[in-house]
1. Take every Cα-Cα distance within the chain, group them into 5 Å bins from 0 onward, and report for each bin the whole-number percent of pairs it holds.
2. What residues qualify as long-range amide H neighbours of Leu125, i.e. H under 5 Å apart, gap of 5 or more or another chain, H built at 1.01 Å from N?
3. Per residue Cα convex hull volume for segment 1-112, in cubic angstrom?
4. How big is segment 21-75 in terms of Cα radius of gyration and Dmax, in angstroms?
5. How much accessible surface area, in Å² rounded to 10, belongs to the heavy atoms of Val3 with a 1.4 Å probe?
6. How charged is the neighbourhood of Gln171? Take every other residue with its Cβ under 13 Å from the Cβ of Gln171, and add Lys/Arg as +1 and Asp/Glu as -1.
Amino acid sequence: MNVRSKICGITRVEDALAAAEAGADAIGLVFYAASPRAVNVAQARQIVEVLPPFVSKVGLFVNASRCEIGEVLDAVSLDVLQFHGDETPEQCEGHGRPWFKALRVGQEDDLAGRIERYGNGCAILLDSYVPGVPGGTGERFDWTRIPQDLPLPLILAGGLTPENVRQAIEQTRPYAVDVSGGVEQSKGVKDLAKVRDFVARVRAV
């Protein structure tokens, strides 16, 4: 099975189009105002409207209320929800979209137990733990800490780049890889050559 690729932290129409043209399977839109890669509803709508069919639009939320999520969903056509804060399983459910939870490796010891809690999701995303930063740190975690026989498809994130993504895939065998900072020229602005290189290397594995 081919590994999927997601380019997260998209803030510009041209970056979304470049990701789609490169063959990325999904793009990520960050609805978290504290992030340097945050988008508002108007920006997100512009980005979503230009994407071709079959590119999944993922909305990333951090401890957002049901009202806040609902307002975004009313205005922006999102396919999947990504929860990157301290959300409980119950807070992730009931939005009328498939969803997955991001867990930071190193935050606690019982990673397998935390993954089990979110078993109703469509996948589990594993990212690096940096105190006070919910994601997009550019830091890589120890891939040997990933439990064997995960109950959900694995989305691998955290410090991925075009240079290390092949090793990451060969070592962890994920369903998908998720990159943000590793293909940027500055926070929120993608390096289009790196985007193309990243997707090509994923597809070549």
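1. In order of increasing distance, the bins hold 1, 8, 17, 21, 22, 17, 10, 3, 0 percent.
2. Amide H neighbours of Leu125: Lys101, Ala102, Leu103, Ile155.
3. Numbers: hull volume 14.4 nm³, N = 112.
Expressed per residue, the convex hull around the Cα atoms of segment 1-112 is 129 Å³.
4. Rg then Dmax for segment 21-75, in Å: 11.7, 35.
5. 30
6. Working: positive: Arg140, Arg145, Arg166, Arg173; negative: Asp142, Glu170.
Result for the neighbourhood of Gln171: +2.
The values are calculated or read from the model by the stated rules, or taken from the named source; none is laboratory data. All values derive from a computational prediction rather than experimental measurement. FYI the Cβ positions are ideal-geometry reconstructions off the backbone, even for glycines, and counts take in every protein chain you see. Heavy atoms of the whole protein, side chains included, go into the accessibility calculation; ligands, DNA and RNA do not. Shrake-Rupley method; radii C 1.70, N 1.55, O 1.52, S 1.80 Å.
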